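So the structure is just underneath, and the comments pick up after that.
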Amino acid sequence: MSGYGWDGELLGHEEVRARLPTFRAQSFLFTGPEGVGRRQVARWFAYGLNCQEGFPPCGRCASCRLEPHPDYLEIRPETETKTGRKARRAVIRLEQIVPRAEEDRESLVGWLETRPRFRAKIAVIDGAHHLGESAANALLKLLEEPPGYARLILIAPSRELVLPTLASRTLEVRFGPVDEATLSRFTQDPALLAYAEGAPGRLVAALADPGGLERMRAAVDRLLEALERPAEALEAALEVRAVAEGPFAPWAYWAWRLSEWPPAARAEALEVLAELQEALEAYVSEELAYAWAVLELRRIHAAMRRGTLE
Ligand SMILES: [Zn+2]
C-alpha cells in the first residue's frame, strides 16, 4: 500500500495515531512543519476508517488493497495560472471546492454528494492556508454541515495561518518533530539530521537528490566562510538564493552551521535569518533581502571577531 508513505512504513506520531480513532469530530486541522508526516497520517487515518478490521488498517482487506481509494480525495493548491504562466501564489480555487457549470472537473462538494463505497469518505485539503477567499467561504459552508459519512482533514503549517472561521470548526491535531533516533535509520550525518529538523519527508527528499543537497550545503558553507570579503559574500548569498528556489530550504542547515558561533552572535544571526525568510515570504525584492542579510551577517561576524559579541 504505497499510500501509507515511504516503503509502506509510517514514522513516528505514535501518540497522534493512538488518539485519532477515538475522536468523534468530523473535521480536523493537522498542523506541523512540511515533511513531518501529516499527509501520511491522514492517509493512514482514512484507510483505518474504511478497513474491515478497523484500526490500525490491516493492509489486506477489500478496502485496504485499493490504491487509489475511491473514498479518499486530496485537494492541493494550484500554482499554475490558466494560461500556463507561473502564478505568483499557490491557491486553492473555488472550482476545486464546489462544482461550477463551466468546469467539468471534480470538486470536493460534488465528490461528497455520493455515498462512500465503504464506510466513510475522507477528503484532505492540503495547504488550507492557500485557500482563496471564495473557496474558503464555500469550504466553511461544508464544515458547518458535512454529510454524516464525511471526514475533512485540513493541513497547514500552523493554526494561525488558517482563517479563524475555518480553524474554529475543526479539531486541531499537532504534529511535532519525529525524534532523531527514528530518523537516524536513514542517515547518521549530523548536518543532514539537523537539516531535516525532525521531518522524515525532508530527509527522504534530500537523500533522493544528494547532488541538490550538496549544492545547498556548499553554497551556505561558502557564504559563511566569505563573510569577511564583501563581494564574494554577496555572490555566495545569491548562490544560496538560487539553490533555495529548489526543494532545499537552506534555513535549518544554516542554523546548524551557526551553532559554531558564540551564543550571542548566533542569536543575532538567527534573527537575521528569520527576518530574511519573512521578507522573502512577503515578496520583498529577493536580491535586496539577501544583500541586507549579508550586510547584517557581516556586521555580526565582525563584532564576533572583535570579541564584542560572545
Ligand atoms: Zn483493512
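Assorted remarks:
- The set of residues in segment 113-132 being open to solvent by less than 10 Å² (accessible area, probe 1.4 Å) and among the β-branched types (Val, Ile, Thr) consists of Ile122, Val124, Ile125.
- Restricting segment 69-89 to residues that are modelled with pLDDT of 85 or more and part of a strand (DSSP E or B) leaves a set whose member that is farthest from Glu133 (Cα to Cα) is Tyr72.
- Qualifying residue in segment 223-241 (condition: closer than 19 Å to Ala274 by Cα and under 18 Å from the mean Cα position of the chain (by Cα)): no
- Considering residues of segment 175-189 that are free of Cβ contacts under 8 Å to residues at least 40 places away in the same chain and not aliphatic (A, V, I, L, M) only, the residue nearest to Met216 (Cα to Cα): Asp189
- Glu275 being acidic (Asp, Glu), touching a residue at least 24 places away in the same chain (Cβ under 8 Å) and open to solvent by 50 Å² or more (accessible area, probe 1.4 Å): no
- Single residue of segment 215-248 satisfying the filter (over 18 Å from Glu296 (Cβ atoms) and part of a loop (DSSP other than H, G, I, E, B)) that is most open to solvent (accessible area, probe 1.4 Å): Glu245
- Residue, modelled with the highest pLDDT, within segment 12-28, restricted to residues that are in contact with a Gly (Cβ under 8 Å, 6 or more places away or on another chain) and within 23 Å of Ala252 (Cβ to Cβ): His13
- Qualifying residue in segment 29-36 (condition: on the phi < 0 side of the Ramachandran plot, open to solvent by 70 Å² or more (accessible area, probe 1.4 Å) and at pLDDT 95 or above): no
- Residue check for Phe23: away from the ligand (no atom under 16 Å from the Cβ), assigned by TED's automatic domain parsing to the domain that holds Val109, open to solvent by 50 Å² or more (accessible area, probe 1.4 Å) and among the aromatic types (Phe, Trp, Tyr): yes
- Scoring Glu9 on the criteria (1) modelled with pLDDT under 95; (2) among the acidic types (Asp, Glu); (3) within 16 Å of the ligand (Cβ to nearest atom) leaves a single failure, condition (3).
- If the condition is being assigned to a loop (DSSP other than H, G, I, E, B), within 16 Å of the ligand (Cβ to nearest atom) and in contact (Cβ under 8 Å) with a residue 60 or more places away in the chain, then segment 32-51 contributes no residue at all.
- Entirely in segment 110-197, the strands (runs of 3 or more DSSP E) that have 2 or more residues that are small (Gly, Ala, Ser): 150-156
The values are calculated or read from the model by the stated rules, or taken from the named source; none is laboratory data. Just so it is clear, the structure is predicted and the values come from calculations on it, not from any experiment. Counting neighbours? That spans all protein chains shown, and the Cβs are built from the backbone with ideal geometry, glycine included. Just the protein is used for accessible areas: all its heavy atoms, side chains included, with ligands, DNA and RNA removed. Shrake-Rupley method; radii C 1.70, N 1.55, O 1.52, S 1.80 Å.
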